[in-house]
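The values are calculated or read from the model by the stated rules, or taken from the named source; none is laboratory data. Please read all numbers here as calculations on a predicted model, not as lab measurements. Here the Cβ positions follow ideal geometry from the backbone for every residue, glycine too, while neighbour counts run over all protein chains shown. Ligands, DNA and RNA are stripped out before the accessible areas are found, and what is left, the full protein with its side chains, is counted by its heavy atoms. Shrake-Rupley method; radii C 1.70, N 1.55, O 1.52, S 1.80 Å.
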Amino acid sequence: MRFTVYLSGEIHTDWRQQIIQGCQALNLPVNFTSAVTNHAASDAAGDCLGGESENFWRDHKSAKVNAIRIKTLIKQCDLAVIRFGDKYRQWNAAFDAGVCAAWDKPYITLHDESLVHALKEVDGQAQAWATSPEQIIEIIKYTLQE
């Protein structure tokens with residue numbers, strides 16, 4: 001069995017690389033996908049549609065262009081990992097979790113205990129709540145065992 005895992009959420013730490021490298025070290029048959037993680041590129045995704053005098057409309061266009069990739073990758077994934085960091089609020093990650101729940105896509109949340117209350121509904125629909133990339137790797141490993 002080959003798995004596709006969509007990695008959603010905060011872009012300021014190396015959690016994605018830790019999961020990818022950990023799965024590679026175990027030789028797990030996993031393909032990883034993600035939204036664009038370059039903040040400036042993501043913010044500029046809609047600039048090809050023409051300039052805007054107000055940031056709201058620039059963000060609006062870019063969100064729609066980014067959604068093409070995100071919706072496609074969530075539909076194609078077998079599992080999503082949704083990371084919430086403590087420095088910034090990842091509203092987009094919460095939205096991705098909602099999409100996964102609505103489309104019956106299994107997902108795991110990844111965050112520390114300080115966010116348990118704020119994410120209780122998001123965690124309530126998740127198949128698991130993890131606090132470290134190592135736990136995510138173990139869940140993927142277990143899921144793929146024969």
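If the condition is being open to solvent by less than 30 Å² (accessible area, probe 1.4 Å), among the hydrophobic types (A, V, I, L, M, F, W, C) and closer than 20 Å to Ser34 by Cα, then the range 98-121 contributes Val99, Cys100, Ile108, Leu110. For the subset of the range 122-132 comprising residues that are in a loop (DSSP other than H, G, I, E, B) and open to solvent by 60 Å² or more (accessible area, probe 1.4 Å), which member is nearest to Val5 (Cα to Cα)? Selected residue: Gln127. Figure legend. Inter-residue proximity from the range 131-146: first residues within 15 Å of Trp15 (Cα to Cα) and among the small types (Gly, Ala, Ser), second residues modelled with pLDDT of 95 or more and surrounded by 14 or more Cβ atoms within 10 Å (Cβ to Cβ), beta-carbon distance below 9 Å, spacing 6+ or different chains. Indicated pairs: Ser132/Trp15; Ser132/Gln18; Ser132/Leu110. Total residues in the range 106-126 satisfying the condition of being in contact with a strand residue (DSSP E or B) (Cβ under 6 Å, 6 or more places away or on another chain) and more than 21 Å from Lys87 (Cβ to Cβ): the figure is 3. The criterion of at least 3 residues that are of a type in the set (A, V, I, L, M, F, W, C) and in contact with a strand residue (DSSP E or B) (Cβ under 6 Å, 6 or more places away or on another chain) is met, among strands (runs of 3 or more DSSP E) falling completely within the range 1-83, by 3-9, 79-83. Take the conditions (1) open to solvent by 40 Å² or more (accessible area, probe 1.4 Å); (2) over 29 Å from Ala40 (Cα atoms); Leu144 misses just one of them, which is (1).
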